[in-house]
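**Student:** The structure that follows is given in the form of structure tokens.
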Amino acid sequence: MAPTAAFFDLDKTIIAKSSTLAFSKPFQAGGLISRRAVLRSAYAQFVYLVGGADHDQMEKMRQFMSQLCTGWDVATVREIVADTLHNVVEPLVYDEAVSLIEEHQLAGRDVVIVSASGAEVVEPIAAMLGADRVIATRMEIVDGRYSGEIEYYAYAEEKARAIRELADEVGYDLASSYAYSDSVTDVPMLEAVGHSYAVNPDKELRRAAATHEWPVLVFTKPVALRARVPLPPPKPTLAALAVGGVVAVGGVIWANARKRRLGA
């Protein structure tokens, strides 16, 4: 029989908030972003949790990600994330998601994390969860610094394309595989497999789930991951550039919301 996989989005599917916005304070402490950016990212986190991010907001995130992170020293970013990863992310995982991952692993399926966040954030979180593979955004590095260019953006249709490419490489039977996400931008990913689930869905995904007859799951219990699975010690080579990008788009969301309030 062909192998199968379970594909999981990360933010609001496995993690109870934006995994990247969660790093705004450590990045401020490390001198990479301002206090103002931290406040804006906190507001963006609220907006994201309440309503998610639509296509236009995600495109702004991509653009501002490259602008904000240009010139950041890779070693500095890695050091900050290595020091804070477990404290920042580890308490935010959904208990229901961890149980679901364990069920798929016991059934012999590979677990693949598929996220628009940077690989430097997604890969260590995936390692915490015992995932087998990662599909994530990658930033370009030149002479030890982030150039401001995005080498690969794992978003929307690209997630589905990457899943199909991985299936061709590994031999996954996608018709017998599973996928989980909270966002309407991941409909292509959900359509790529035979068993799809909307997790804490935004309004648009909830409508799409009804149309496709996809089950809706509601995860409500964040739990400390160390209470569920043994965690390896932090590794000093982990980096998280994508944090800066979402902090930047937090400013965009904040500014847009402020304009709407002023115009009201």
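**Student:** Return yes or no: is Tyr197 under 19 Å from the mean Cα position of the chain (by Cα), within 21 Å of Lys221 (Cα to Cα) and of a type in the set (Phe, Trp, Tyr)? Let's see the steps before the verdict.
**Tutor:** Working: under 19 Å from the mean Cα position of the chain (by Cα): yes; within 21 Å of Lys221 (Cα to Cα): yes; of a type in the set (Phe, Trp, Tyr): yes.
In short, yes.
**Student:** Looking for whichever is of a type in the set (Val, Ile, Thr), at pLDDT 90 or above and touching a Leu at 6+ places or on another chain (Cβ under 8 Å) here; the options are Val184, Val229. Which one fits? Spell out the reasoning first.
**Tutor:** Details: Val229 fails: at pLDDT 90 or above.
Of the residues listed, the single one that is of a type in the set (Val, Ile, Thr), at pLDDT 90 or above and touching a Leu at 6+ places or on another chain (Cβ under 8 Å) is Val184.
**Student:** So, restricting to strands (runs of 3 or more DSSP E) that lie completely within region 91-182, which ones have at least 1 residues that are more than 23 Å from Gly194 (Cβ to Cβ) and more than 16 Å from the chain's Cα centre (by Cα)?
**Tutor:** Working: elements: 110-118, 133-142, 145-152, 178-181.
Correct list: 133-142, 145-152.
**Student:** So Arg161 ticks every box in (1) among the basic types (Lys, Arg); (2) surrounded by fewer than 18 Cβ atoms within 10 Å (Cβ to Cβ); (3) under 23 Å from Phe219 (Cβ atoms) but one. Which box is left unticked?
**Tutor:** With (1) among the basic types (Lys, Arg); (2) surrounded by fewer than 18 Cβ atoms within 10 Å (Cβ to Cβ); (3) under 23 Å from Phe219 (Cβ atoms) applied to Arg161, the lone miss is (3).
The values are calculated or read from the model by the stated rules, or taken from the named source; none is laboratory data. Note that the coordinates shown come from a computational prediction; the quantities given were computed from them, not determined experimentally. Cβ sites come from the backbone with ideal geometry, for glycine too, and all protein chains shown count toward neighbours.
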